[in-house]
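Student: One structure is given below, represented as structure tokens, and several questions about it will come after.
The values are calculated or read from the model by the stated rules, or taken from the named source; none is laboratory data. All figures in this text were calculated on a predicted structure; none of them were measured in a lab. Every residue, glycine among them, receives a Cβ derived from its backbone with ideal geometry; neighbour counts consider all protein chains shown.
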Amino acid sequence: MTRAVEHPALRVHRRGTPLHSRRRLSRMLLIVPVGVSLALLVLPLVALLARAVGISPQTFARYARDPFFLDALRLTLVTSLITVVLAVIFGTPVAWILARWNFPGRRLVELAVGLPIVLPPIVAGVALLMLFGRMGLLGRYLDAFGIQIPFTTAAVVLAQLFTATPFYIRTALEGFASVSPALEEAAQVDGCSPHQAFRLVTLPLALPALVSGLTLCWAKAVSEFGATLLFAGNFQGRTQTMSLAIWTAMEIDLWEAVAMAAMLFVVSLLIFLMAEWLQGTREAQ
């Protein structure tokens, strides 16, 4: 009588832990780092909102009427919107060229566009001072004409442009790259000029990416801190944005700082949700 030969893998499973038990153990082990990560990311925001909820509506209203808050809010909105407009004007051609042209040094241009994203903000502030300061590469010539950029509202916009525009360019680049050049060529065969093909074909298809990039650019401009503090200073009504106002309030009135931080958090959350919604819309197309 022939004895059935048992597969070695079956003997291993019989002697060891069943496969589904090991998978369950692996999943349980993954819960620990996931829980720690979520706690580190979520609990500080929960603590902020919990403190903000404890502030009475009357106190919130008083903070909202404070010129200290209103000046910072006005300056943040004005400078960030100017930054977004300039990012569209100057960043869109860069994104389109990088998506469509092959030329020597193209990779260096991509690196230059992406470098401010990973650059520490304080380093960005020093770099801007070395360029536009009174003894900077350009500042010394501007100073001869009585033009001084550091510690002015223009410096706030430049700091935001330097740190926020790359977010728009990189997202717009992905949007333009996702549109097949064959569609533009087909439109030109049908009689469209290159400009019309871009406006009627490429731009509508890449529009969700452009809008998503704008929201990221605006969010970064609103939250900019380090480069603005070093290059533009912290002068109420002239260079003090919301981030700088919160930093200043921490030394004067903690509860006002908490209220302002909570309001800025809500604005940032709305911008993030808008960007996520637009990203989902683009992927669904």
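Student: Any residue at all in the range 207-226 that's without any contact (Cβ under 8 Å) to a residue 60 or more places away in the chain, assigned to a helix (DSSP H, G or I) and of a type in the set (S, T, Y)?
Tutor: For the range 207-226, residues without any contact (Cβ under 8 Å) to a residue 60 or more places away in the chain, assigned to a helix (DSSP H, G or I) and of a type in the set (S, T, Y): present.
Student: Taking the residues in the range 167-180 that are in contact (Cβ under 8 Å) with a residue 24 or more places away in the chain and part of a loop (DSSP other than H, G, I, E, B) as candidates, determine which candidate is surrounded by the fewest Cβ atoms within 10 Å (Cβ to Cβ). Let's see the steps before the verdict.
Tutor: At the first step, the residues of the range 167-180 found to be in contact (Cβ under 8 Å) with a residue 24 or more places away in the chain are 167-179.
Filter once more, so that each one left must be part of a loop (DSSP other than H, G, I, E, B): 178-179.
On the way: S178: 14, V179: 19.
Within the range 167-180, the match that is surrounded by the fewest Cβ atoms within 10 Å (Cβ to Cβ) is S178.
Student: List the residue pairs whose Cβ atoms are under 6 Å apart, where the first residue sits in the range 125-152 and is over 18 Å from R238 (Cα atoms) and without any contact (Cβ under 8 Å) to a residue 60 or more places away in the chain, the second is among the aliphatic types (A, V, I, L, M) and assigned to a helix (DSSP H, G or I), and the two are 6 or more positions apart or on different chains.
Tutor: G136/M130; L137/L131; L138/L131
Student: Would you call S268 assigned to a helix (DSSP H, G or I) and more than 30 Å from V53 (Cα to Cα)? Let's see the steps before the verdict.
Tutor: Working: assigned to a helix (DSSP H, G or I): yes; more than 30 Å from V53 (Cα to Cα): no.
Spelling it out, it is not the case that S268 is assigned to a helix (DSSP H, G or I) and more than 30 Å from V53 (Cα to Cα).
Student: Moving on to the next point. So for the range 82-89 (the condition being closer than 30 Å to L173 by Cα, of a type in the set (S, T, N, Q) and in a helix (DSSP H, G or I)), does at least one residue qualify? Step through it out loud before you land on a result.
Tutor: Let us first name the residues in the range 82-89 that are closer than 30 Å to L173 by Cα, namely 82-89.
So of that shortlist, the ones also of a type in the set (S, T, N, Q) come out as 83.
Imposing the further condition that a residue be in a helix (DSSP H, G or I) reduces the set to 83.
Yes.
Student: Test A197 against the criterion of being among the aliphatic types (A, V, I, L, M) and farther than 19 Å from T165 by Cα, and give yes or no.
Tutor: Values: among the aliphatic types (A, V, I, L, M): yes; farther than 19 Å from T165 by Cα: yes.
Criteria met by A197.
Student: Anything in the range 107-150 that is loosely packed, with under 12 Cβ neighbours inside 10 Å and not in a loop (DSSP other than H, G, I, E, B)? List them, or say none.
Tutor: Our first condition is that a residue be loosely packed, with under 12 Cβ neighbours inside 10 Å; within the range 107-150, this holds for 107-108, 111, 115, 118, 120, 135, 137, 141, 144-146.
Passing the criteria: R107, L108, L111, L115, V118, Y141, A144.
Student: Suppose we filter G136, G125, G105 for residues that are under 17 Å from P166 (Cβ atoms) and more than 17 Å from the chain's Cα centre (by Cα); which single one remains? Show your work before the answer.
Tutor: Working: G136 fails: under 17 Å from P166 (Cβ atoms); G105 fails: under 17 Å from P166 (Cβ atoms).
Of G136, G125, G105, the one residue that is under 17 Å from P166 (Cβ atoms) and more than 17 Å from the chain's Cα centre (by Cα) is G125.
Student: Shifting gears a bit: Is it the case that T76 is under 30 Å from L264 (Cα atoms), hydroxyl-bearing (S, T, Y), modelled with pLDDT of 85 or more and touching a helix residue (DSSP H, G or I) at 6+ places or on another chain (Cβ under 6 Å)? Don't jump to the end; show me each part of the working.
Tutor: Details: under 30 Å from L264 (Cα atoms): yes; hydroxyl-bearing (S, T, Y): yes; modelled with pLDDT of 85 or more: yes; touching a helix residue (DSSP H, G or I) at 6+ places or on another chain (Cβ under 6 Å): yes.
Answer is yes for this residue.
Student: Another one. Show the residue pairs that are 6+ apart or on different chains and have beta-carbon atoms under 8 Å apart, the first residue being within the range 181-201 and under 17 Å from I97 (Cα atoms), the second being part of a loop (DSSP other than H, G, I, E, B).
Tutor: Short answer, once both residue conditions are applied: V201/V179; V201/C192.
Student: Evaluate the following for F60: is it more than 27 Å from the chain's Cα centre (by Cα), touching a residue at least 24 places away in the same chain (Cβ under 8 Å) and in a helix (DSSP H, G or I)?
Tutor: Values: more than 27 Å from the chain's Cα centre (by Cα): yes; touching a residue at least 24 places away in the same chain (Cβ under 8 Å): yes; in a helix (DSSP H, G or I): yes.
Yes.
Student: For the range 220-229, enumerate the residues that are surrounded by fewer than 21 Cβ atoms within 10 Å (Cβ to Cβ) and either among the aliphatic types (A, V, I, L, M) or modelled with pLDDT under 85 (or both).
Tutor: L229
Student: Further question: When you scan the range 157-166, do you find a residue that is surrounded by fewer than 18 Cβ atoms within 10 Å (Cβ to Cβ), closer than 21 Å to V88 by Cβ and either among the β-branched types (V, I, T) or at pLDDT 90 or above (or both), even just one? I'd like the intermediate steps shown before the answer.
Tutor: Let us first name the residues in the range 157-166 that are surrounded by fewer than 18 Cβ atoms within 10 Å (Cβ to Cβ), namely none.
No, every residue in the range 157-166 fails to be surrounded by fewer than 18 Cβ atoms within 10 Å (Cβ to Cβ), closer than 21 Å to V88 by Cβ and either among the β-branched types (V, I, T) or at pLDDT 90 or above (or both).
Student: Out of all the residues in the range 189-198, which are loosely packed, with under 13 Cβ neighbours inside 10 Å and either in contact with a strand residue (DSSP E or B) (Cβ under 6 Å, 6 or more places away or on another chain) or closer than 15 Å to P93 by Cα (or both)?
Tutor: Listed by number, the residues that qualify are P194, H195.
Student: Looking only at the range 98-127, which residues are over 15 Å from T171 (Cα atoms) and charged (D, E, K, R)?
Tutor: Matches in the range 98-127: R106, R107.
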